[in-house]
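Please read the structure below before turning to the comments.
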Amino acid sequence: MKILIIGNGVAGTFTAQNIRNLDKEVEILIISQEKYPYYTRVKLPELISEKIKIEDLIVFKEEWYEKNNIKTLLNRKVKRIHQKHKHLILEGEDDLIPYDKLIIATGSTPNIPPINNAKEMVGKGVFTLRNIDNALEIRDYIKNNDVKKAIIIGGGLLGLELAKQIKNCDLDTTVVEFFPRLLPRQLDVECGGLLKEQIEGMGIKVELDVATEEIIGNDHVKGIKTKDGRNLEADMVLIQAGIRATIDLAKEAKL
Ligand SMILES: Cc1cc2nc3c(=O)[nH]c(=O)nc-3n(C[C@H](O)[C@H](O)[C@H](O)COP(=O)(O)OP(=O)(O)OC[C@H]3O[C@@H](n4cnc5c(N)ncnc54)[C@H](O)[C@@H]3O)c2cc1C
């Protein structure tokens, strides 16, 4: 019996571990488009401010996979699932990978709201944060482009954690939130107000009730245009506006 797991996040990895606990013989292969073994995303923003290193995020090192007899294919993206023939195809490779059971644990992808010019400016000053490579790209962009001002779109948990580390990089930091309070999913108006005071006390500016209409810039980000007609200057815009499930593979396989 061969079990394939797509995705080596917490879901894929602990599924593999639990299968191994139940069955010592079954063949388990985890495939991930990321090049790192299982790591935690919780402290990713601290990689940007270099408070931690990549090694500090890694939860299971090579020995864990050896000890549990779990094989991995890292840095490989699954392109298509052929459910009828029970095999899958990797991007850029011709070989078919057969399976008896397939587990899809492909997690989520950052959501980019419908802001004019946002998708076009990704990598040119617009970034999202989901994985180690995103964090390294953000860190390098700050270093190589003389970034002084950053805007974080999204005043939720991840947006605020990111804002703190961006501020730790000594950047002029502004959080722009669509709703009239921070952490709109978690807090009421009163608590949101208290949190705003705390965040501002850390030197982070907060703009509430502001919808972003457009990212300004062509080769490099110059700022954002808000729906109330203002231009806010920035050398970098980080979008932390929720996630959407990565379901394209499953959808295409008609699951
Ligand atoms: C900055 C940050 C901080 C967070 N902090 C917290 C926290 O404090 N507490 C908390 O509970 N949660 C937190 N989360 C959320 C938590 O990380 C997620 O809930 C968790 O990662 C979900 O795990 P998962 O295994 O379902 O998916 P993911 O972690 O998204 O893993 C899915 C994996 O599948 C891979 N993949 C997708 N498609 C393919 C394909 N076609 N081929 C190959 N591989 C593919 C992806 O690259 C990814 O590596 C945080 C997230 C972030 C980004």
Query raised in the report: Just to be sure, is Thr13 assigned to a strand (DSSP E or B) and closer than 30 Å to Gly159 by Cα?
Result: no
Requested in this report: Go through (1) over 21 Å from Ala11 (Cα atoms); (2) buried (at least 19 other Cβ atoms within 10 Å of the Cβ) one by one and return the number of the condition Thr72 breaks.
Outcome: (1)
Requested in this report: Can you work out which of the residues in region 35-63 that are over 17 Å from Arg139 (Cβ atoms) and buried (at least 17 other Cβ atoms within 10 Å of the Cβ) is farthest from the ligand (Cβ to nearest atom)?
Outcome: Phe60
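Just checking, how many residues over region 91-131 are part of a helix (DSSP H, G or I) and crowded, with 18+ Cβ neighbours inside 10 Å? Spell out how you get there, then give the answer.
Filtering region 91-131 down to residues part of a helix (DSSP H, G or I) leaves 119-121.
Those left that are additionally crowded, with 18+ Cβ neighbours inside 10 Å: 121.
Of the residues in region 91-131, 1 are part of a helix (DSSP H, G or I) and crowded, with 18+ Cβ neighbours inside 10 Å.
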Query - Hits in region 151-198 - residues which are touching a strand residue (DSSP E or B) at 6+ places or on another chain (Cβ under 6 Å) and either in a helix (DSSP H, G or I) or open to solvent by 80 Å² or more (accessible area, probe 1.4 Å) (or both) - result: Gly159, Leu162, Ala163, Ile166, Lys167, Lys196
Report summary line: With criteria (1) more than 11 Å from the ligand (Cβ to nearest atom); (2) surrounded by 15 or more Cβ atoms within 10 Å (Cβ to Cβ); (3) not in a loop (DSSP other than H, G, I, E, B), Ile5 comes up short on (1)
Query raised in the report: If you check Leu162 against the conditions, is it within 16 Å of the ligand (Cβ to nearest atom) and either over 17 Å from Ala234 (Cα atoms) or among the small types (Gly, Ala, Ser) (or both)?
Result: no
Requested in this report: Identify all residues within region 234-255 that are open to solvent by 30 Å² or more (accessible area, probe 1.4 Å), within 30 Å of His87 (Cα to Cα) and either of a type outside the set (D, E, K, R) or not in a helix (DSSP H, G or I) (or both); write none if there are none.
Outcome: Ile243, Arg244, Ala245, Thr246, Ile247, Lys254, Leu255
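The values are calculated or read from the model by the stated rules, or taken from the named source; none is laboratory data. Treat the numbers as computed from the prediction; the structure is a model and nothing was measured. So basically every Cβ, Gly included, is an ideal-geometry build from the backbone, and we count neighbours across all protein chains shown. Note: areas computed on protein heavy atoms with side chains; ligands, DNA, RNA excluded. Shrake-Rupley method; radii C 1.70, N 1.55, O 1.52, S 1.80 Å.
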